[in-house]
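Student: Got a structure for you, questions after.
The values are calculated or read from the model by the stated rules, or taken from the named source; none is laboratory data. Remember, it's a predicted structure, so these values are computed and weren't measured experimentally. Here the Cβ positions follow ideal geometry from the backbone for every residue, glycine too, while neighbour counts run over all protein chains shown. The accessibility values were calculated without ligands, DNA or RNA, using every heavy atom of the protein model including side chains. Shrake-Rupley method; radii C 1.70, N 1.55, O 1.52, S 1.80 Å.
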Amino acid sequence: MTDHPEWMREQLHRHYAQGFTVDKLLYDSETDHQRLRVFENGSFGRILTLDDVIQTTEGDNFIYHEMLTHVPILAHGAARRVCIVGGGDGGMAREVLKHSSVNHVTMVEIDAGVVEFSKEYLPMLSQGAFDDPRLELVIADGAEFMKTTQGGYDVIIVDSTDPIGPGEVLFTDTFYGHAKRALTPGGILVTQNGVPFMQGDELTNTMRAFKALFADASCYMATVPTYAGGPMAFGWGTDSEARQVSLPDLQARFAASRLAPDYYTPEVHKAAFALPGYVLKLMP
């Protein structure tokens, strides 16, 4: 067994941590907002951390990004304008822009430094998304943007960090209320809500806000290996019946989209809304 000189320890929870070997450190710098690091790992390829918390990896980012984009866009069926809050690495924009039916994407990222170094050190995540003329990049606080935007978005994707530091305001009732106002009739809001086995309050609080705002408030799940502690939850809020879209309709939309994802399928889409008992108990 090979000895590695350094391990990166991530400890989001009081009694639980995970570690990754830092096989090669590629970038280490502090911006005004956070400490950014990129390193290579034998299992996951390049890994991006913010303040020693895993944000995304070359190896498994496709699961997270596909499920936060293709589920709402294909459920909606006619999404033309999409807003991404966060997502500075470009992975979310990459997946949204695979939908030729989407003609405008607004991406609101608080930290220009994340975008710039992601272009240089994680180009495999964005795959040219920042050069797509349909993408409008706005460097701003997501909460402030949502408060003042004219809206008109069919889908809003909140690709936030955990609810600490700059990302905390993206988990408030006020923010969700502003996001709902920015949706078109029948629009869909989806959010990153952590791993509910380890971060149950995060899901409960978001669902409480969603139930006050939307006719259909729920969540769906996917397992992302580096977001450890069980399946991850994604919040779902809409006034439409998009969650009830039939499997044949989803299959037809998926075929028309000509997507070739590595995780998402119409069957996985439908199954993702089947929630385990412990998650249902976290829903207010």
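Student: On average, how much accessible surface per residue is there in the chain, in Å², for a 1.4 Å probe, leaving out ligands, DNA and RNA?
Tutor: 43 Å²
Student: Okay, next question. Ranking request for peptides 87-95, 65-73, 116-124: highest mean number of other beta-carbon atoms within 10 Å first, then the rest in descending order. Intermediate values should be presented prior to the final figure.
Tutor: Numbers: 87-95: 28.9, 65-73: 26.6, 116-124: 17.4.
Top of the packing list down: 87-95, 65-73, 116-124.
Student: Be a star and scan segment 143-158 for residues whose amide nitrogen sits under 11 Å from the point 7 Å along the Cα-to-Cβ vector of residue 104.
Tutor: Residues 150-154 fall inside that zone.
Student: Which FRET efficiency, nearest 0.05, do residue 52 and residue 249 yield, Cβ-Cβ r, R0 41 Å? Don't skip to the end; give the middle numbers.
Tutor: Working: r = 43 Å, r/R0 = 1.06.
Efficiency computed from Cβ-Cβ geometry: 0.40.
Student: Can you give me the % of accessible surface on segment 124-277 that is carbon or sulfur? Probe 1.4 Å, all protein chains present, nothing else counted. Each step should come with its number before you reach the end.
Tutor: Working: 3500 of 6550 Å².
C and S atoms contribute 53 percent here.
Student: So for each of 148-154, 77-83 I average, over its residues, the number of other beta carbons within 10 Å; can you give me the resulting order with the highest mean first? Spell out each step's value before the answer.
Tutor: Working: 148-154: 16.4, 77-83: 20.3.
Final packing ranking: 77-83, 148-154.
Student: Using helices alone, what [θ] at 222 nm do you get for the chain, with -39,500 (n - 2.57) per DSSP H run of 4 or more residues, divided over all residues and rounded to the nearest 500?
Tutor: -8500 deg cm²/dmol
Student: Give the distance, in whole Å, between the Cα centre of segment 1-59 and the Cα centre of segment 229-262.
Tutor: After rounding, the separation between the Cα centres reads 31 Å.
Student: Roughly what angle does helix 112-121 make with the longest principal axis of the chain, taking Cα atoms, 0 to 90 degrees, to the nearest 10?
Tutor: Taking the Cα atoms of the chain, the angle to 112-121 is about 70 degrees.
Student: What are the lysines whose alpha-carbon lies under 22 Å from the alpha-carbon of residue 211, with same-chain residues fewer than 8 places away excluded?
Tutor: Leaving aside lysines fewer than 8 places away in the same chain, those within reach of residue 211 are 147, 180, 270, 281.
Student: In addition: Put +1 on the Cβ of each Lys and Arg and -1 on the Cβ of each Asp and Glu in the chain; which of 12, 224, 139 then has its Cα farthest toward the positive end of the dipole?
Tutor: Checking the options against the dipole of the chain, the answer is 224.
Student: Let me ask something additional. Please figure out what share of the DSSP beta bridges in segment 115-262 is antiparallel and state it in percent, rounded to the nearest 5. Don't jump to the answer; show the numbers that get you there.
Tutor: Values: 12 of 17 bridges.
Antiparallel bridges: around 70 percent, rounded to the nearest 5.
Student: Kindly list the residues of segment 122-153 that lie in the label zone of residue 212, defined by a backbone N under 20 Å from the point 7 Å along the Cα-to-C-beta vector.
Tutor: Only 143-144, 146-148 pass the distance filter.
Student: What FRET efficiency do you get for residue 23 and residue 197 if R0 is 22 Å and r is their Cβ-Cβ distance, rounded to the nearest 0.05?
Tutor: 0.15
Student: Could you check what % of the DSSP bridge pairs in the chain are antiparallel, to the nearest 5? Spell out each step's value before the answer.
Tutor: Working: 33 of 53 bridges.
DSSP beta bridges in the chain are roughly 60 percent antiparallel.
Student: Same structure, new question: Under a point spin-label approximation (7 Å from Cα along Cα-to-Cβ), what is the residue 267-residue 184 distance to one decimal in nm?
Tutor: So the label points at residue 267 and residue 184 sit 3.2 nm apart.
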